[in-house]
Amino acid sequence: MKLRFKTVLALFFTLIGLISVLLVSLVVNFFLDTAFQEYSKRKQEIRNQEIINLISSQYTSDGNWNKAVIQDIGVSVLEEGMLLKLTEMDGTVIWDAVAYNSGICTAMIEKMTDRMTKHYPAIEGGFTLKGYPINIGDTQIGILTIGYYGPFYYSETELFFVETLNQLLIWVALGTFVISIFCGVFISRLISKPLSSVTLSAKRLALGDYSIRSPVSSKTVEVQDLIHSVNNLAETLSAQDTLRKQLTADVAHELRTPLCTLQGYIEALSDGVWEPTKERFVSCHEEITRLTKLVEDLTSLARFESEHLVLNTSHFNLNELIRQVLHLCESKINEKHLTIIFDSQPQIIWADKDKIKQVIVNIFSNAIKFTPDYGSVTLSVSREKNMIIVVVADTGQGIPAEDLPFIFERFYRVDKSRTRSTGGTGIGLSIVKQIVNAHHGTVSVESTLGSGSRFSVRLPSSG
Ligand code: ADP
């Protein structure tokens, strides 16, 4: 049988409440009863001693007993439920409660036995007689026999007190039981409500509804964490879904132009509308090269997007890496007669070497590409607190201010027709941004149309 979490929690709390209430009641009842019985026994003993002292003091100096007072004492303790019998050493009875009024004594003994057996049937009590010596100095002059109900006896008031206390305990137990049920239901609702909401969100996510969010919040840290995690998961899935749809649309758009052009060329050639000249084949080849470049760029973009969280970090000298990139691009630099200015101190960084190399290659190759012949590109690496800043500044054509906010977006090119000749696909800078973001860094650009652009990459030196 599968129970709802709410039911399990409520049952659990109720059970715990019930067990603790029962335990407390039993323990309190047991100890209270034992302590009260002990108190009653001691009280009886103290009272007995008081009576002995009182009776002893009734022995006069001329060797007689003050019988009138002894009778008063005897009658008054009779009302307390005690029977006195004072005997001299030779057996002479000075006063005896039974002899004084046997009717009252019998009725009293019956009444006391009745009451105690009714309330404490398990305790084998009864009327006990206990003899105490009456001494004057070192000489014993008589025996006082005190009859009382033992091992303990509760008067009406004491019995009332014990019973009230027991009733009180029952009420406390009942109250605690009811409160524990309420607490159980309340706490289970407190936890199960957000859990149900999160479960619903997870089910909707599994069905592809990425817009779902759990609106509930919880005071429990773990449950709140769970709500956050599922909401974050929904956020990420939603972002990835948008990205995927966007990418599909972008790729389709990017492929359409060269494919349409190629289709047009080939149709014209096969229909005989066009003569198959060398220039036309070169045009076709250019479109195919463009397509190949696009596919290559898409492949590397897919790699960086899927791997962007996995960084293979190590310590390396950033200057050394830049020198390697300069070496790689040497032929292009020479081809355009560019002046490269790069002079800086070694800078050690904790990052993914291959990915950072890709960042430098992409920015630097753009600088070469968009700088006219005999221009210059300046590279610098500096440190600011715990950040390393790489700057690539060129004296190229620059980027219009209205395009600046978009140049890190996928497939964004400032001048689509111009990039036909430069062969750009608009993916390079979006890869740069992915890598820099994964390193918790930032990339920015400043540019003045006609005089050049300046790209700055800021990376934490220790990852
Ligand atoms: P591409 O492969 O087209 O170079 P990028 O993402 O690297 O793609 O660059 C996007 C666009 O940003 C480029 O098409 C170009 O218009 C512009 N751009 C990038 N770097 C520079 C630069 N140094 N000077 C001028 N324009 C640049």
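The values are calculated or read from the model by the stated rules, or taken from the named source; none is laboratory data. Because the structure is a prediction, the values reported are computed rather than measured. Neighbour counts run over all protein chains shown; Cβ positions are idealised from the backbone, glycine included.
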For this session: Scan (1) surrounded by 13 or more Cβ atoms within 10 Å (Cβ to Cβ); (2) within 11 Å of the ligand (Cβ to nearest atom) for the single condition Gly450 breaks and write down its number.
Result: (1)
For this session: Please verify whether the stretch 58-77 includes one or more residues that are surrounded by 11 or more Cβ atoms within 10 Å (Cβ to Cβ), of a type in the set (Gly, Ala, Ser) and closer than 30 Å to Phe161 by Cβ.
Result: yes
Problem set entry | Scan of the stretch 350-409 for residues that are polar (S, T, N, Q), closer than 16 Å to Gly428 by Cβ and within 11 Å of the ligand (Cβ to nearest atom), ordered by number | Asn362, Ser365, Asn366, Thr371
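If we scan the stretch 161-171, do we find a residue that is more than 30 Å from Ala234 (Cβ to Cβ) and either at pLDDT below 80 or more than 52 Å from the chain's Cα centre (by Cα) (or both)? Give the derivation first.
Let us first name the residues in the stretch 161-171 that are more than 30 Å from Ala234 (Cβ to Cβ), namely 161-171.
From what is left, the residues that are either at pLDDT below 80 or more than 52 Å from the chain's Cα centre (by Cα) (or both) are none.
The answer is no; no qualifying residue exists.
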Exercise. List pairs: first in the stretch 365-386 and over 12 Å from Lys336 (Cα atoms), second of a type outside the set (A, V, I, L, M) and assigned to a strand (DSSP E or B), Cβ under 7 Å, 6+ apart or cross-chain?
Worked result: Leu379/Phe342; Asn386/Pro460
Exercise. Does the stretch 341-354 contain at least one residue that is among the acidic types (Asp, Glu) and buried (at least 17 other Cβ atoms within 10 Å of the Cβ)?
Worked result: yes
Exercise. Checking Ala206 against (1) touching a strand residue (DSSP E or B) at 6+ places or on another chain (Cβ under 7 Å); (2) surrounded by fewer than 16 Cβ atoms within 10 Å (Cβ to Cβ); (3) not β-branched (Val, Ile, Thr), which test does it fail?
Worked result: (1)
Exercise. Do any residues in the stretch 425-444 that are on the phi > 0 side of the Ramachandran plot have Cβ atoms under 7 Å from those of residues that are within 13 Å of the ligand (Cβ to nearest atom) and among the aromatic types (Phe, Trp, Tyr), where the two are at least six apart or on different chains, and which pairs are they?
Worked result: Gly426/Phe411; Gly426/Tyr412
Problem set entry | Residue count for the stretch 421-446, restricted to those that are buried (at least 16 other Cβ atoms within 10 Å of the Cβ), at pLDDT below 95 and either within 11 Å of the ligand (Cβ to nearest atom) or over 18 Å from Leu318 (Cα atoms) (or both) | 11
Problem set entry | Exclusive hit being farther than 23 Å from Leu3 by Cα, modelled with pLDDT of 85 or more and assigned to a helix (DSSP H, G or I), set Ala202, Ala234 | Ala234
For this session: Restrict the check to the stretch 256-267 and report whether at least one residue is outside the structural domain of Gly428 (by TED's automatic domain parsing), within 47 Å of the chain's Cα centre (by Cα), closer than 30 Å to Gln434 by Cα and free of Cβ contacts under 8 Å to residues at least 24 places away in the same chain.
Result: no
Exercise. Is it fair to say Leu262 is out of contact with any Leu (no Cβ under 6 Å at 6 or more places or on another chain) and either β-branched (Val, Ile, Thr) or within 30 Å of Gly424 (Cβ to Cβ) (or both)?
Worked result: yes
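Matching residues to (1) in contact (Cβ under 8 Å) with a residue 24 or more places away in the chain; (2) out of contact with any Phe, Trp or Tyr (no Cβ under 8 Å at 6 or more places or on another chain):
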{"position": "Leu237", "(1), (2)": "yes, no"}
{"position": "Ser270", "(1), (2)": "no, yes"}
{"position": "Ser300", "(1), (2)": "yes, yes"}
{"position": "Glu320", "(1), (2)": "yes, yes"}
For this session: Would you confirm whether any residue within the stretch 148-161 is in contact (Cβ under 8 Å) with a residue 24 or more places away in the chain, surrounded by 13 or more Cβ atoms within 10 Å (Cβ to Cβ), out of contact with any Leu (no Cβ under 9 Å at 6 or more places or on another chain) and in a strand (DSSP E or B)?
Result: yes
Seminar exercise, completed: Taking the stretch 323-370 and keeping residues under 25 Å from Leu311 (Cβ atoms) and β-branched (Val, Ile, Thr) leaves Val325, Ile348, Ile349, Ile356, Val359, Ile360, Val361, Ile363
